[in-house]
Structure formats: C-alpha cells, structure tokens
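Right, one structure below, let's go through it.
The values are calculated or read from the model by the stated rules, or taken from the named source; none is laboratory data. Note that the coordinates shown come from a computational prediction; the quantities given were computed from them, not determined experimentally. Ideal geometry is used to build each Cβ from the backbone, glycine not excepted, and the neighbour counts take in all protein chains shown.
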Amino acid sequence: MTGVVIVGGGPAAHRLAALLARYGHPGGVSVVGAEPRPPYNRALLGSVLDGTLDADRLTLPALPAAVRQLTGVRVTAVDRARRAIRLDDGRELPYGVLVLATGARPRTPRVPGLQTQPGRLADGVRAVRTAADCRPLSEGPVVVVGGGIRGVETAWALSGTGQEVALVHPAGQLMERHLDMVAAALPAEWLAARGVALHLGRRAAEYTPGKVVLDDGQVLAAGTVLLCTGTVAESALARASGLEVRGGVVVDDLLRTGDPHIHAIGDCAEHAGTTGTTVLRAWEQAETLARNLTGRERPYAPERRVLRPRTPGRDMVVLPPAAPVRPDDTDATVSLLDRARGHHARLVLRGGRIHEGTVIGSPSAVAEVSRLYLRDEPVPADLLALLTGADGTYAGDGTPPDDTVVCHCNNVTRKALKDAWHRGAHDEAALARATRATTGCGGCTAAVRSLCTALEGATP
Amino acid sequence: MSGEGRAGRQRESTTHCPYCALQCSTVLSGERGGVAVRPSADFPVNRGGLCQKGWTAPSVLAAPDRLLTPLVRAADGTLAPAGWDEALDLVAGRLREIRARHGADAVAVFGGGGLTNEKAYTLGKFARVALGTSQIDYNGRFCMSSAAAATTAAFGLDRGLPFPVTDLDGADVILLAGANPAETMPPLMRHLEGADLVVIDPRRTRTAERAALHLRPAPGTDLALALGLLHLAVTEGLVDQEYVDTRTAGFDAAWEHCTAWWPERVEEVTGVPADELRTAVRMLGGARRAYVLTGRGAEQHSKGSDTVAAFVNLALALGLPGRDGSGFGTLTGQGNGQGGREMGQKADQLPGYRSLADPADRAHVAAVWGVDAKTLPGPGRSAYELLDALGTGAGPRALMVFGANPVVSAPRAAHVTERLRSLDLLVVADFVPSETAALADVVLPVAQWAEEEGTLTSLEGRVLRRRAHLTPPPGVRTDLEVLHALAVRLGQSAGGFPVRPREVFDELRRASAGARADYSGISYARLDAGEALHWPCPAGADGNGAGDGHPGTPRVFLDRFAHPDGRARFTPVDHRPPAREPDAAFPLYGTTGRVLAQYQSGAQTRRVPELVAAAPEVIVEMHPDTARRFGLAEGSMAEVGSVHGTTRARVRVTRAVRPDTVFVPFHFPGAGRANLFTGDALDPRSRMPEFKVSAVRVTPAGERP
C-alpha cells in the first residue's frame, strides 16, 4: 500500500505526521512543505515580530526519521485518478491517502497602493504569515490595519517595545465580531494607555510608501503597514483538483473531502460550515485524523475553544456560544462592570453552566471562567467572587474562636495556649515547653507571641 | 551522646526520629514504658524543632498490640502464636518447596523505604543470593521513583537534595512543585522562612498559605505548567545562556516541545492564570539565589518522571543546579527514602546505585558477596507490577514483606489485597499487626527504631546513625537476625548474612565502593565522632574510612554533573493528560495525600493516641459548592468511587480544595483506604503509579451501624 502524503509545512501537517508515527501507521508518511525550513510554530510569529523570540526558536520537534520531509517544494497538481501529486521540481509522488494542510493566507484589503500587482504587497507592507515576514521593521511608525484579535495583539505587542503604533479599523469599536461596545472599550483603553493611536470607524483609503491616507483625509506616517485583516483558506490546489471549496475545502465528519482518498485539516478546511482559525483547532483535527487513519475511527467533534487574545499583562477571553445554540433556554445573564479596575464580565448561563461569555481585566477570573466553560462545569455559588477574581479561599473572619488550632504541627489550640499561660507559661519559650507550640515548622511563632501580648494586656 | 551505649547512669541516646526523610535529631531518655523524647537543639536540620509525630514517637514503642511472638496461620484460619524455630523452619521449608516446584522467581520480596541501609542492603542480598529471585522491589517505588528516573537522566546521579538543607536558608526564592512540607515535614519550614515561596499545588495547603505566590493547577496538569514556565523563561529573556552553553546539553530539543506551550494555552489546560505564570518565572529568574524543589504532588503520576524532567529543564535553563546558593532537588519522603533507593532492594539495582544490567556492576557486587556474577538474577518487576502478578500464572506464589504495608499503601488496593490473598505463602515482618500482616501466613515480630542500631541516609544525602536506646522486648528479633536465620536455613553460610549492623555496614561500604552512591569512606566510627558525611564519600587509598578520610560531598554538582562529559542533560518532554480524566460518570478529580498527624499507611501513627485525636479517621475534603452539588454535608459519610473501587470517608467541607477536586488522605485502613479508588496506570519510565489523580464521583453513604 502507498502511504500518507501531507501537503503543507505548518503545525497541522507536523502534528499529523508526528501522531501517525506515534500511533504506528503502517504505510509511509511524507510531508511536502513549500517553505524552505522544517515545520515551525506559526502561532508565535507575533513574538518574533516584537523581538521576544528568535525566529529559529519556533522550530517544532523533529519528526521521526521514518517521516519523509520535503521542504521548499510546491505541489502543482493532484492527479486523483492515478492518486499522485505533481511537484514543482517535476517529481511525482503517489499517495494512498492525501491530506491537505495548506493553511490560510492573509487577506489583503482593497486599498489602492497596498499591492503592486495581485498577490504582491508593496514595499513597507506586510502580513505576518511566515517567518520571513518577521524581518526587522522599517524605521518609523507602524500602522496596523485591522482591529480584530490579531490587530489588537499586534498593536499591544509592538507598543510594548516602545514602537510608535497606529491602528486603523473600519468598525466603530475593536473586535466587533466578539465584543459588545462596553467590553470593547477596555482593550481600546489599554492600547490608548500605551500610546497607540486608534482610528476607529476609519478605513485606509490609500497607501503610498511612508504613509497611509485615511478615508477622512488624515495622513498617518507609516514606516511599516501590518495587515491584520484576516485570512483566506489556501484552497487553490483543492479547487483545481475539482474538490468542493466554500470558505475552505469542505470536509465531512471524518475530515474527508468528496474524494474518499483526500482529507483536509487545519486552516484550509471547512467542517460543518466553519473554517478553523487557530492552531489548537488544527491540532485537534490532526489528532482525530491520525486516529481515523490508524484504525480508531471516530467522527470529528470539535471541542469547545475559547478566544484568548495574547496581550500579556492584560487579559481577556471570549467564550463563543456553546452548541447547540438555543438562546431561549439560557437561564441567566450575569454581568459586571468595574470601570475603576478595568474589569468587565458577562456570562450567559444555561443549567448553571456557562453557555457563552466574555471576561476582561481580571487574570484569575479569565483563567477560572475559561476552564469552567471549556470543561462545561457548574459555576460556583459565589459568582461575584468568580467574576472579580476574588479568592474565596483566602477570606478570614475576625478573632479566631478558642478551638482554633494555632500550632498545626503539634495540634495546639488557642485554648490550650491560654490555659498554659494562666498556669504560668508567660512567654514563647515557656509556652513551647508546656504545649510544644512553635516547635514544628515555627510558623505560629508570631501568633503565639501576639497571644502572649494580648493576654498580658487583658490581665490587670 | 551515648554512642551505641546503653550503659551509664542518666542514660540518654542521641538518634533520629522514626518517620520522614528529614530525620530530625532527637534525644531519648527513660526506660521502656517511659521513654521521653526531645529534639536536639544543635542538629542543623531540625534545630530544636519537632512535629507532633516526632514528639509522640515513643508511644509506638509501647503500642498495646505490639507483636511479641511469631504468629502462624493455624488450621482454623486464625493466626496463632508460635516459637521462632517453628516459624522460621516453616517459612524456609515452604520457600524451598515453592522454589523447587515453580522456580526461584516464584518467591518475591517487598521492602520498604523506612528500613535502615543495613536492612535494605541485606534484604537485596537475601533476595538475589539466598532466594536467587529477581522478584524484589519496595514501596519507595511509590515514592521516589519518578524523581530518581528524571534526575538520574538529567544529572547522572540521583541524590534527593544535592546540597545540605541549610543551604535553603539563604534562598531568595524557592519553587515548591507539589510539595507540602508544612504538613509533611514541618521542621523543614524553618529553612524556608527567608525565601519567597512559589507553591504549585491544587490544594491550598498550609505550605501554600505561607507562599508569596500560590499556583493552583488542576490535578494532572503540572507538566503543562512546567513547560509553560520554561516557555516564559525564554520569552522573558531569563535564560542563563552562558550556563546552558557551558554546563548543559540538549536545550534545543527540550525547548521545541515548549514552543507549543505559550502561557495562554497553559492557562487553559492548567487553570493557572497566564499572569501568575509570568510572575512566577520573573520571581525565579530574577532571584540571585533560587531553588526548584519537587514533591510527590508532581511525581506520583503516570507522567511523573516527565513532569520532574520538565522542572529540571526549567531549573537548568535558569542556571540553578550545581551552583552554590541555588539548585534543584526533590524532597524525599520516607525515613530512609534516600538510602533505601540506593542499597539494592529496587528491582533493577544493586547496592551503591549499581545496575543489575551492567556487567561491571554485577561483577563488583558478586565479588563482594562471594558468588559468581552469572548466578545473580536480572532485573525484576516493579512494585505494582509485582503485586499485580502475585498468585497469577506467571507470577510469584510466595511473598516476604519487610517494612511495608501494601494493603493500605499500594494503588488499586482491593485488587492488590486479592492478589495477596491468592498467594501460597505470605510472610510479613513487622512490629505491629499491620493490615498486611493480618493476611499473612506467618508474621515475624521485629524490632523498631529505638531498639536497633543502623544508619539512614536523609533527604540531603547525609548518612546518619540510628541508635538503640532500648533492647527489643523478649520474643522480638531484628530484621537482620530474621534474614540471617532464614538464609542459613536456605543453605547460606552464617557469615554471609551478619546480624550486627556495623558488620553489614562495612560490607555495604565495599559493595558501594567506586559506585555512584559511594559509602566506602564512611564508618560508624566517623559518624559516632560526629562527622557530617554526605555521599559520595570514597575511601582513601588504604581503603579505610576512619581518621582523615574523605570529607564527604555536601554539594555534589558544583564542579561538574555526573555524566561522563560533566554536563547536565535537558530531557525533551511533552504534556499528556492523566490516564483517566473526569467524565459524566466520574465528574471530579480525586487526589490523595497526607495529613500532618499521620504517617504513610498509618500502621505506626494510628497507634498513637495524640495523633488519633488529631486525625482520627479518613476524611474527604471538598469545596462547599461540591458538597452542595452532590448532596453532602459537613460530617456526613460519603463514598468516593472510581472505576477501580470505592472509599468511604467523612466529609470535610473546605475552600482549600478546588470545586473540581476532592482530597482523601491515604493513611487509613479498611473501607477508608484512599487507594481503593486509585488505579493501575504506571509511569512508563519510573513505573510510578498515578496516586495523585483519579476520576471519581462522590455520593452520600449511610452511617454504618
């Protein structure tokens, strides 16, 4: 039998190849990538751009030697009848199973001057898709085009390095696909506080090297224009091969295209009307497909995912409506807005669990709510503590009662200490001899001393 | 100090506490029935401190149900008193018979991390030489095996703390991963007072209460957490590149797995806020003197060795190990948890950390033992696998247990109990009628801590003298006497199995000479003279450890790590979920652990009235929301069930546990054994069971009449 050929050189292709090897796929596995380097983690390219990571730190773990890796090679055609792909170096590669993991490419807005010709960006304009896009920025301000998650992340990261940044976004608020007006005001405040010039409700009307002209005539200096305007599934090969393509290459619950010998995963695929846009989604599909190709067939069931923009030091999470989406059977909506602290939360509950929501500002609330949502666990009784990030476990309450254990190492209660004091043990050493308090970890020494002081004060 | 002496007026004996690996120094006085204990003020580890277990340890000497005569299972099924010769003849005869019929591996031995070095050494020798069996392992497998596997791979050597405990006094920041010393070894906390603690624990333990930063991951996710911390160490620019370049190897391959663990993803998996991860790394990376220490919480998983490896990787990236004032270590648990894992009672090891698979190691030990190396068996089954095989077609039919109580302490306890019951012969040597002894065909009463001489090796690799304050009660023998008597009955020469601990020690010095855990330069004379000796401590050219011998090695890796090239190794590891995650049927994490007033299987501490008063029965700790969700109230009885079995425990409602988790301490017997719900998943490298995470449900249980 001929093996599995994976087209694509990104994290989805890498994970699938690694898992096929781990699960003992009997046939050969080949990975054909267009980029000159072995697979790397695209999800972290932003960290390369802002200088926190070197590009060579993104390389994913080496694949087992049994996996054949072809880099810097493009696939020019799929011969479905003969089950073979043709490469741009003239070679042909037969397949038993073909997997398209070709990812997505940046969407370029139709703004005069951004492209010199279709598919070719003008000087000073880039989208961040490959390691090559992360070369050092040109002198001068950066204009981020797009105020979705990627735009906000990029503006946050660059402004943190001291870079002058402007952000242009046609909607009147940031992240309008995910946040309401109230919520969106918070990331806008974060960016503004770092000096990012926000141009909301504005479009870029024209680009010429060195400047962006907005639709209201404002002119922004632009050493670099970064396009954060979304992606389009890379589906040309599938289309040319006669496979069905909508938002992406259409696949069924077994991640198969209309041709049972061809599958698609990751950003290039469309499953149940949705194209994946995160690496976690791609890895999840790689896992399912690897199992299906090694005899443990089960349909792909997308797990819950949160949208967790990477804005270090400022935290937010968006919890998309959980399936099935039936707005009428939710039982409560809880919201909280604390402008002073920059906290906002809104949860829609169904059966005491989180159906959808947003949390912004409190790192612990973001973490806690995300986990409850991801695992579909019941929300705590104390919703206020959950949403404010208050830690209920840390609350203390007034003077401890006499049966409180003061020295845990020796199980000595406040009452035992008081009794010993009244029998004449009036300092720490005497109390230690009498009760053994303080002789373990020593952590109660201060408490024992203060009890002594209090008892002295209470005695005439 | 009285040395070995039992003579003198106003008799006092300086020895060490019978319980944990901290081995607090104590002074015993008084006679049987009235032994008093006080902490030694000048021992650097406890500095006059002692926890309630240590203060009340003399009670165990006077346990009302102390075993004082051998017991043999009678025709009516009860255990009846028997004479020593009768019992030993019976055991030797049955062992011989079973061996003749089913082969040497039909007889197995199960040891303990509380046994002295001399006993652990003799037990290993007894198994390999007198029984000729490969089937020996010990309860330390349930304790230190993951840390041992990971640190041996990383540093070339496994010494729990490769530096003295007192070095921790000077630390600025200490990361404790799954360690709760405030409740498990309280006097250690005296050494942590100066440092800002970063505590990783799903529970808000007493240690966590003392932390500057408490990270609360969901059970079973510490590995992802550690990968995320290394990820951040790189992105935050905190890697000590010069150290990585000059003292380590393998960073790139380890890092490549961390690329997938950016903080927000780690947050999703662990539940720990990305912001706190960042704070933790900045604290550690920004400190001048920092330590990373792991405990059972990180280690007792089916991925325990990888989890420890990930924390070692973090420490290496920050340049901590093998540096004065910084380091990586693991907090050993049992009293002789360190020595016990070096002396050859582990399935694959010979004394001194020598390997049963290494021809040179086999030859060295065989020469000391006066046997042909070819007669030494190979590596045998690990602890759980051994227990699981008992009484099955291919498994052992006889088992001898020394210093362990697997009916309570082994995972999947109901199954293990059934395996023990299926044996043709179960022999248990103990000083109290433990739950395992209750199943035995023959019970042999042995001496305990204050009645015997020997050495233990503490968590800092220091060899300590245990001294006899009392003579054993009439009818009681030492473990060494028991092994001697059996060996002779099995045809061994009397000289091959000495009964005097000092003689055994001198032999183990020779057996360990030149090995990784080299004791050859240590002698009772040097220890009794008050020298502080940490292994490795090789003998001088004259082979004599006395006098101006080697000073020992308090800090092992200052110049080089124990790999041939002197470099530490990064280990490439990736996260994986526990063997079983909560689901609709078993919606909670069940985790097991310790309480301050009890120790291990509780066989000793459950016989001390003060400790029973402090921790009388098994409890299940749960969050108030969890109690409400499952219809349970404080003080009511609950059943905690998994696919493996069900534990009955009293509900204690506390906010110290996460709402998705319940905690059950494992010290209690019968239906309250926490290990009734733990499973049989093992770490592929260390064979450590997954004690720390099970998928469970909790339901109300009626009070038993």
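For the reader, a short list of remarks on this structure follows.
- Selection within segment B:271-305 - at negative phi and either part of a loop (DSSP other than H, G, I, E, B) or touching a His at 6+ places or on another chain (Cβ under 8 Å) (or both): B:272, B:273, B:287, B:288, B:289, B:295, B:300, B:301, B:302, B:303
- Candidates A:152, A:144: the one that is closer than 15 Å to residue A:194 by Cβ, among the aliphatic types (A, V, I, L, M), in a helix (DSSP H, G or I) and modelled with pLDDT of 95 or more is A:152.
- Being out of contact with any His (no Cβ under 6 Å at 6 or more places or on another chain), buried (at least 17 other Cβ atoms within 10 Å of the Cβ) and among the small types (Gly, Ala, Ser) is not true of residue A:171.
- Residue among B:585, B:613 that alone is within 14 Å of another protein chain (Cβ to nearest Cβ) and surrounded by fewer than 24 Cβ atoms within 10 Å (Cβ to Cβ): B:613
- Once segment B:198-224 is narrowed to residues that are hydrophobic (A, V, I, L, M, F, W, C) and closer than 30 Å to residue B:560 by Cβ, the residue that is surrounded by the fewest Cβ atoms within 10 Å (Cβ to Cβ) is B:198.
- The residue that is nearest to the other protein chains (Cβ to nearest Cβ), among those in segment B:674-684 that are part of a loop (DSSP other than H, G, I, E, B) and closer than 10 Å to residue B:411 by Cα, is B:681.
- Residue-level analysis places residue B:598 among those that are within 14 Å of chain A (Cβ to nearest Cβ) and polar (S, T, N, Q).
- Residue, farthest from the other protein chains (Cβ to nearest Cβ), within segment A:61-100, restricted to residues that are of a type in the set (Gly, Ala, Ser) and under 13 Å from residue A:17 (Cβ atoms): A:66
- Of all positions in segment B:315-337, at least one carries a residue that is among the small types (Gly, Ala, Ser), in contact with a Cys (Cβ under 9 Å, 6 or more places away or on another chain) and not in a loop (DSSP other than H, G, I, E, B).
- If you go through segment A:18-60 and keep only what is assigned to a loop (DSSP other than H, G, I, E, B) and away from every other protein chain (no Cβ under 14 Å), you end up with A:24, A:25, A:26, A:27, A:28, A:33, A:34, A:35, A:36.
- Odd one out for residue B:330 among (1) surrounded by 24 or more Cβ atoms within 10 Å (Cβ to Cβ); (2) without any contact (Cβ under 8 Å) to a residue 40 or more places away in the chain; (3) hydroxyl-bearing (Ser, Thr, Tyr): (2)
- Residues in segment B:43-86 that are in a loop (DSSP other than H, G, I, E, B) and within 14 Å of chain A (Cβ to nearest Cβ): B:43, B:45, B:46, B:47, B:48, B:49, B:50, B:51, B:56, B:57.
- Given (1) closer than 30 Å to residue A:163 by Cβ; (2) surrounded by fewer than 17 Cβ atoms within 10 Å (Cβ to Cβ); (3) small (Gly, Ala, Ser), number of the condition residue A:204 does not satisfy: (2)
- A residue that is at the interface with another protein chain (Cβ under 9 Å from one of its Cβ atoms), outside any helix (DSSP H, G or I) and of a type outside the set (A, V, I, L, M) cannot be found anywhere in segment A:419-431.
- Pair list, Cβ < 9 Å and 6+ apart or interchain, from segment A:399-423 residues that are at pLDDT below 90 to residues that are basic (Lys, Arg) and assigned to a strand (DSSP E or B): none
Every residue, every condition in (1) part of a strand (DSSP E or B); (2) crowded, with 24+ Cβ neighbours inside 10 Å, yes or no:
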position	(1), (2)
B:638	yes, yes
B:648	yes, no
B:655	no, no
B:658	no, yes
B:667	no, yes
B:686	no, yes
B:691	no, yes
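- Helices (runs of 4 or more DSSP H) fully within segment B:191-262 counting 1 or more residues that are facing chain A (nearest Cβ under 9 Å), closer than 30 Å to residue B:653 by Cβ and in contact (Cβ under 8 Å) with a residue 24 or more places away in the chain: B:206-209
- Scanning segment A:155-168 for residues that are under 16 Å from the mean Cα position of the chain (by Cα) and surrounded by fewer than 24 Cβ atoms within 10 Å (Cβ to Cβ) yields one hit, A:157.
- When residues of segment B:278-299 are limited to those that are crowded, with 24+ Cβ neighbours inside 10 Å and β-branched (Val, Ile, Thr), the one nearest to residue B:191 (Cα to Cα): B:292
- Members of segment A:409-418 that are surrounded by 21 or more Cβ atoms within 10 Å (Cβ to Cβ) and within 14 Å of chain B (Cβ to nearest Cβ): A:409, A:410, A:411, A:412, A:416
- Meets criteria (of a type in the set (Gly, Ala, Ser), more than 13 Å from chain A (Cβ to nearest Cβ), in contact (Cβ under 8 Å) with a residue 24 or more places away in the chain and not in a strand (DSSP E or B)) for residue B:562: yes
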